[in-house]
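Comments concern the structure below.
The values are calculated or read from the model by the stated rules, or taken from the named source; none is laboratory data. What you see is a predicted model, and the numbers here were worked out from it, not measured in a lab. No Cβ is skipped: glycine too gets one built from the backbone with ideal geometry, and neighbour counts run over all protein chains shown.
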Ligand SMILES: CC(C)(COP(=O)(O)OP(=O)(O)OC[C@H]1O[C@@H](n2cnc3c(N)ncnc32)[C@H](O)[C@@H]1OP(=O)(O)O)[C@@H](O)C(=O)NCCC(=O)NCCS
């Protein structure tokens, strides 16, 4: 089991830190255990780290997603109340046509709904509704996308945030 964890972690680091073509980066993540719905239709930027070291956690990514440079997707989390420090594991699900802006951190086991836009530098600690725009630390919904005939015609930004 330990050698499998090592292999997964090694592949994820390789995919993250080597300046590779997108296809190769996606393929290395697949070998590590990330599930891509359609690997040919996902862009994973340079410096993206998908932490999938354990056998009990999973990361699934839908079609037509763009994951910006420097993003971190974690699958082990600190149990805030525990002494000594204890970690628990979880899974992250990312739907179709999700855009994740550069340097986002996914810090909890969440679902990011299809069509969502995550602004650059966001910290994701809760589920992200489909077709919403979230931003900030922690990320909050600031807009809903309206898709008409396959085209994003309007993004309503909530000025009250
Ligand atoms: C989220 C994003 C798509 C919004 O773009 P937009 O719809 O054109 O929105 P605007 O730029 O008009 O900004 C709307 C408001 O959100 C704020 N805002 C935009 N991006 C923000 C971010 N990442 N974090 C916090 N606030 C942000 C703006 O300051 C503005 O606030 P205001 O209304 O108080 O002035 C864009 O800002 C973003 O984060 N893009 C990601 C860029 C990136 O990662 N590129 C690499 C791709 S691989």
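Worth pointing out:
- Among the candidates 91, 54, 58, the residue that is in contact (Cβ under 8 Å) with a residue 40 or more places away in the chain, within 22 Å of residue 4 (Cβ to Cβ) and more than 16 Å from the ligand (Cβ to nearest atom) is uniquely 54.
- Qualifying residue in region 76-90 (condition: at positive phi and outside any helix (DSSP H, G or I)): no
The rows are residues; the columns are (1) out of contact with any strand residue (DSSP E or B) (no Cβ under 8 Å at 6 or more places or on another chain); (2) farther than 24 Å from residue 12 by Cα.
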residue	(1), (2)
63	no, no
68	no, no
78	no, no
100	no, no
124	no, no
131	no, yes
148	yes, yes
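- For region 22-40, filtered to residues that are surrounded by fewer than 18 Cβ atoms within 10 Å (Cβ to Cβ) and free of Cβ contacts under 8 Å to residues at least 24 places away in the same chain, the residue that is nearest to residue 6 (Cα to Cα) is 31.
- Listed conditions (1) in a helix (DSSP H, G or I); (2) loosely packed, with under 14 Cβ neighbours inside 10 Å; (3) in contact (Cβ under 8 Å) with a residue 24 or more places away in the chain are all met by residue 19, apart from (1).
- Residue 109 passes every criterion in (1) in a strand (DSSP E or B); (2) at pLDDT 95 or above; (3) away from the ligand (no atom under 14 Å from the Cβ) apart from (1).
- Of all residues in region 94-106, those being under 25 Å from residue 147 (Cα atoms) and within 16 Å of the ligand (Cβ to nearest atom) number 8.
- Checking each residue in region 30-49 for being within 16 Å of the ligand (Cβ to nearest atom) and farther than 16 Å from residue 98 by Cα picks out 46, 47, 49.
- Qualifying residue in region 141-155 (condition: crowded, with 16+ Cβ neighbours inside 10 Å, within 16 Å of the ligand (Cβ to nearest atom) and on the phi > 0 side of the Ramachandran plot): no
- Residue in region 45-56 that is more than 18 Å from residue 120 (Cβ to Cβ) and assigned to a helix (DSSP H, G or I) present: no
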